[in-house]
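The values are calculated or read from the model by the stated rules, or taken from the named source; none is laboratory data. Note that the structure is predicted; figures quoted are calculated from it, not measured. Virtual Cβ from ideal backbone geometry, glycine too; neighbours counted across all protein chains shown.
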Amino acid sequence: MTYNPYASVVVPSLAAMASFSNILTKASHHDGADASSLLAARLYPDMKPIGFRVWAATNCAARLTARLAGADLPGWADDLVTFDDMLARIKEVQDYMRTFDEATINGRLKEPIYLRPDYQTEELQPYSSEAVAFGSSLPTILFHLTIAYSILRSEGVPLDKEDFIQAFSEGYKPITQ
């Protein structure tokens, strides 16, 4: 089996965005706490709130897709204040990610992606799409999604496993003979 960047990376990133949308929509309708307290909540005082989690995950997903497609990197401000802001950003990023077709992304499989190896190094280094996707970007996206879920759950929003994984399992079908 060959590595398919679109199916292996873009599709799960889009699913993560849909999962974010699921949990935020449920949180926005939760009667147990006012929206401002949910949006300000953190797992621990030195951690960032939900708005940052959405910004970081959406920015990472969009930039990963752009890198895979060889496109200019997009960027959005960290200015998400309300649930509506967050849901609109997620939709905007999903729409952006869908502008790249599978053939374009898969056709660039052998092209290196140039990144700084760390925050102290200015010189860009070449990485494979697999290294960028699986060694950094996808874990980052899923980290922020998981933390947002955990914050909302700890604040009493009645989320369950299905709210998190539903978007990922939409393409999960049995093998037919």
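Quick notes on this one:
Each row is one residue, and each column tells you yes or no for (1) modelled with pLDDT of 95 or more; (2) among the hydrophobic types (A, V, I, L, M, F, W, C); (3) within 26 Å of ARG153 (Cα to Cα).
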{"residue": "ASP34", "(1), (2), (3)": "no, no, yes"}
{"residue": "ARG53", "(1), (2), (3)": "yes, no, yes"}
{"residue": "ALA62", "(1), (2), (3)": "yes, yes, no"}
{"residue": "ASP78", "(1), (2), (3)": "no, no, yes"}
{"residue": "VAL93", "(1), (2), (3)": "yes, yes, yes"}
{"residue": "TYR96", "(1), (2), (3)": "yes, no, no"}
{"residue": "THR99", "(1), (2), (3)": "yes, no, no"}
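- Leading residue by the ranking (surrounded by the fewest Cβ atoms within 10 Å (Cβ to Cβ)) among those in the range 1-32 that are closer than 15 Å to VAL132 by Cβ and within 13 Å of the chain's Cα centre (by Cα): PRO12
- Selection over the range 1-46 of residues that are free of Cβ contacts under 8 Å to residues at least 12 places away in the same chain and basic (Lys, Arg) gives a count of 0.
- Condition check for LEU87: assigned to a loop (DSSP other than H, G, I, E, B), within 14 Å of ALA27 (Cα to Cα) and either free of Cβ contacts under 8 Å to residues at least 24 places away in the same chain or of a type outside the set (Gly, Ala, Ser) (or both): no
- The residue list PRO139, PRO112 contains one member that is under 12 Å from SER13 (Cβ atoms) and not aromatic (Phe, Trp, Tyr), which is PRO139.
- Filter pass, LEU73 being touching a Pro at 6+ places or on another chain (Cβ under 7 Å), surrounded by fewer than 18 Cβ atoms within 10 Å (Cβ to Cβ) and not hydroxyl-bearing (Ser, Thr, Tyr): no
- Hey, GLU92 part of a helix (DSSP H, G or I), among the acidic types (Asp, Glu) and out of contact with any Cys (no Cβ under 6 Å at 6 or more places or on another chain) or not: yes
- You will find that of ALA66, ALA77, ALA131, the residue that is small (Gly, Ala, Ser), in contact with a Leu (Cβ under 6 Å, 6 or more places away or on another chain), closer than 25 Å to PHE20 by Cα and outside any strand (DSSP E or B) is ALA66 and no other.
- Test set (1) farther than 30 Å from LEU109 by Cβ; (2) not in a helix (DSSP H, G or I) - ALA71 fails condition number: (1)
- For THR146, the criteria (1) hydroxyl-bearing (Ser, Thr, Tyr); (2) over 14 Å from ARG67 (Cβ atoms); (3) outside any helix (DSSP H, G or I) hold in every case but one, which is (3).
- Residue check, VAL81 among the β-branched types (Val, Ile, Thr) and surrounded by 14 or more Cβ atoms within 10 Å (Cβ to Cβ): no
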